[in-house]
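As structure tokens, the structure follows; a few thoughts come after it.
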Amino acid sequence: MKTVDIIVPCYNEQEMLMAFFEETEKCVNSIEGYSFNYIFVNDGSKDNTLSLLRTLANRCERVKYISFSRNFGKEAAMYAGLSNSSGDYTIVMDADLQHPPALIPDMIAGINEGYDCVAAYRTTRTNEKPVRSFLSRCFYNFNNRITNVSMPQGAVDFRIMSKQMVRAIVNMPESQRFSKGLFSWIGFEIKWIPYENVERAMGETKWTMKSLFRYAIDGITSFSVAPLRMLSLLGAFISFIAFVYAIFILFKTLIFGIDAPGYASIIIIVLFLGGIIELSLGIIGEYLSRIFVESKGRPIYIERESNIVNDTISKEANKISTDALDVLRRKGE
Ligand code: UDP
Ligand code: MG
């Protein structure tokens, strides 16, 4: 019997939680050869999510939960779940039934075919605001072009992964996590399965245009230094043009003498260069702020309550790094 942990990040999901659990149980109970456990991660919900989780855990011993001290974001919640997962396979899915549990049997079938990972992607984006769909398409196209990770259009965080993959993800210690990219960066054999977009039945999406924009910037800066390289190229190009123009002005002045009027050209050049410098500083600042945050090495999440007691991958990982430190210390002596 293989074990599968289902990780579910939850933020203010009191309306959906019970329906999610019942629906998922229906889908997984009939799968032979696998037993399913749940790791719910309460990401600082302000509603009754936590007390519902306690009730579920009392009712069913396969339900584990971790509750954060505040809202740390879905990425942190997924990381907490993955680092506490000890199953042979791990599924990550949303609590709002937008990731249909009916796909789980297909995912298990993919695993039985020998894949390390089976991941879902949306084929439709019904009822999504057209602006959001358009920006999202632009993001995927741009990101796939400039980074070395590729994500299919419509890829969502609904997937099953082998223990090895989970270990690889957990061993990436970065605190600004962009899981879609991390999942792709680690490689392994992935099977993609399509599904039709499902609307959220109750509750509401936590994404705003602003948070999506930040998420896109995170995605690009986590996996690519192409914007910095583009700046260097732009700088080189502008320097070349400036050099050619300087020679032109020099000869013009030598031949025709000083020509005082020139306000328009000067102001255009000053404004243009000013704009480019501001943009460059902004882009450098984005990378710098990421170094700043990473350099502090703060934990990705802080746990306030949990019913998990067993040994976990993160503990193993921690042990490995402390062992390595011990070796280094001994070498230093
Ligand atoms: N979520 C979370 N922390 C957050 C925001 C969201 O754990 O700060 C969870 C949420 O409870 C849900 C999943 O992440 O299970 C996806 O969130 P949402 O439905 O808001 O995103 P969408 O489906 O609109 O992309
Ligand atoms: Mg949702």
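Accessible area per residue, 1.4 Å probe, Å², for the chain: what's the number?
Numbers: 18780 Å² over 333 residues.
It amounts to 56 Å² per residue over the chain.
Computed over the stretch 1-91, the Cα gyration tensor eigenvalues convert (square root of 5λ each) into semi-axes of 22, 15, 10 Å, ordered from largest to smallest. So if the hydrodynamic radius of the stretch 60-146 is defined as the Kirkwood radius over C-alpha pairs, what does Stokes-Einstein give as its diffusion coefficient at 10 °C and 1.306 mPa s, in µm² per second? It comes out at roughly 98 µm²/s. Annotation for Glu286 and Leu271: the two label points, set 7 Å from Cα along the Cα-Cβ direction, are 2.5 nm apart.
Can you divide the C-alpha Rg of the stretch 122-199 by 2.2 N^0.38 Å and report the result to two decimal places? Walk me through the numbers on the way to the answer.
Numbers: Rg = 13.9 Å, N = 78, 2.2 N^0.38 = 11.5 Å.
Dividing the Cα radius of gyration by 2.2 N^0.38 Å gives 1.20.
Legend: residue pairs Lys2/Lys210; Lys26/Lys74; Lys46/Lys129, Cα-Cα distance threshold 32 Å; pairs beyond threshold, Lys2/Lys210.
Just so you know, the Rg over Rh for the stretch 148-248 is 1.15, from Cα atoms, with Rh as the Kirkwood radius.
By the Stokes-Einstein formula, at 0.890 mPa s and 25 °C, the chain with its Kirkwood radius over alpha-carbon pairs has D equal to 107 µm²/s.
Counting protein heavy atoms only, the chain has 61 percent of its accessible area on carbon and sulfur, 1.4 angstrom probe. Counting only the Cα atoms, the stretch 25-65 fills a convex hull of 75 Å³ per residue.
Excluding Tyr215 itself, what net charge comes from residues whose Cβ is under 13 Å from its Cβ, given Lys and Arg +1 and Asp and Glu -1? So the surrounding residues net to +4. The Cα atoms of the stretch 1-42 cover 34, 17, 7 Å along the three principal axes, with the biggest extent listed first.
Suppose every K and R has +1 on its Cβ and every D and E has -1 on its Cβ; what is the size of the dipole of the chain about the Cα centre, in Debye to the nearest 20? Before the final figure, lay out each step's value.
Values: 36 positive and 36 negative charges, 166 e Å.
With Lys and Arg at +1 and Asp and Glu at -1, about 800 debye.
Label zone of Ile193 (point 7 Å out along Cα→Cβ, amide N under 13 Å): in the stretch 136-173 this covers 158-161.
Amide hydrogen proximity for Gly87: with H placed 1.01 Å from N in the peptide plane, the residues at 5 or more positions away or on another chain lying under 5 Å are Asp5. Taking the charge dipole of the stretch 164-320 about its Cα centre, with +1 at Lys and Arg Cβ atoms and -1 at Asp and Glu Cβ atoms, the residue from Met165, Ile241, Gly257 reaching farthest to the positive side is Met165. Taking Leu231, Leu250, Leu182 as the candidate residues, the one with maximal mean-square fluctuation in a Gaussian network model of the chain, Cα springs under 10 Å, is Leu250. A simple charge model with +1 on the Cβ of Lys and Arg, -1 on the Cβ of Asp and Glu and nothing else charged puts the dipole of the stretch 138-182 at about 100 debye relative to its Cα centre.
Taking Cα atoms only, the orientation of helix 209-223 departs from the longest principal axis of the chain by about 80 degrees.
The values are calculated or read from the model by the stated rules, or taken from the named source; none is laboratory data. It should be emphasised that the depicted structure is a prediction, and the values quoted were computed from it without experimental measurement. Every residue, glycine as well, gets a Cβ built from its backbone with ideal geometry; the counts of neighbours run over all protein chains shown. For the accessible areas, the whole protein counts, side chains as well, though only heavy atoms, and no ligand, DNA or RNA atoms are used. Shrake-Rupley method; radii C 1.70, N 1.55, O 1.52, S 1.80 Å.
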